[in-house]
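Visitor: Pasting in a structure now, in structure tokens, and then I'll have a few things to ask.
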Amino acid sequence: MTSLKFATALHVCLLLAHLEADGPGRAAPSSLLASSIGANPVVVRRILATLTAAGLVTTRTGAGGGAWLAVKPTKIRLAQIYQAVEELVGPGFRPKGNPACPVGRAAPAVIAAVIGEMNKASLAALSRQTLAELLKKLEMSLS
């Protein structure tokens, strides 16, 4: 289970990789990214901010500004993109429950365990694939 943030972040990274946006001279403006995704540029700029904070993307504002990959696509694991935009719950996570209810007392620990397993499995699967590998699949479908 994932949110639209991850799908949007993957789309942004794929487009930057496809455009070979690897430096300021090849920066892709947020309007172009937003157009490809079919989203508002504000949404794209928020995703870019999280990807920048994770060190995966670099941005420059103003005329001639835009975004580019800060890391080669062969070095970016999909798990890194996921972790940049998704809030993962840690081992101490406990959903709220009503202590006066037997189910409310027990359910949070059971739910936390399931979410922990889900996160672990998702990250393991995403760690096995790079952005470059995903880009190859994209480019094959464009042919």
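Visitor: Add -39500 (n - 2.57) for each DSSP H run of 4 or more in the chain, then divide by its residues: what number comes out at 222 nm, to the nearest 500 deg cm²/dmol?
Guide: Values: 6 runs with 82 residues, N = 143.
Roughly -18500 deg cm²/dmol at 222 nm, from the helical runs in the chain.
Visitor: Among L123, A28, L78, pick out the residue whose Cα is farthest towards the positive end of the charge dipole of the chain, where Lys and Arg carry +1 and Asp and Glu carry -1 on C-beta, about the Cα centre.
Guide: L123
Visitor: Over 10 Å intervals from 0, what percent of Cα-Cα pairs in the chain sits in each interval?
Guide: P(r) for the chain, in whole percents per bin: 11, 36, 27, 15, 8, 2, 0.
Visitor: Measure nothing but the geometry: give the 0 to 90° angle between the long axis through the Cα atoms of 41-53 and the longest principal axis through the Cα atoms of the chain, rounded to 10°.
Guide: 80
Visitor: Just tell me which aspartates and glutamates come within less than 18 Å, Cα to Cα, of K75; anything on the same chain fewer than 8 places away is out.
Guide: Excluding near neighbours in sequence, the set is E20, D22, E133.
Visitor: If you take the charge dipole of the stretch 4-142 about its Cα centre, with +1 on Lys and Arg Cβ and -1 on Asp and Glu Cβ, which of T61, A7, P102 is farthest toward its positive end?
Guide: P102
Visitor: If you place +1 on the Cβ of every Lys and Arg and -1 on the Cβ of every Asp and Glu, how big does the dipole about the Cα centre of the stretch 4-142 come out, in debye to the nearest 20? Could you put the intermediate results ahead of the total?
Guide: Details: 15 positive and 7 negative charges, 49 e Å.
Charge dipole of the stretch 4-142: 240 debye, to the nearest 20.
Visitor: By how many degrees, between 0 and 90 and to the nearest 10, does the Cα long axis of helix 131-142 differ from the longest principal axis of the chain?
Guide: Helix 131-142 and the main axis of the chain meet at about 60 degrees.
Throughout, read-outs are computed from the coordinates displayed, never taken from laboratory work. Here the structure is a predicted model, which is why all the values come from computation and not from measurement. Note that each Cβ is placed from the backbone with ideal geometry, even for glycine, and that neighbours are counted across all protein chains shown.
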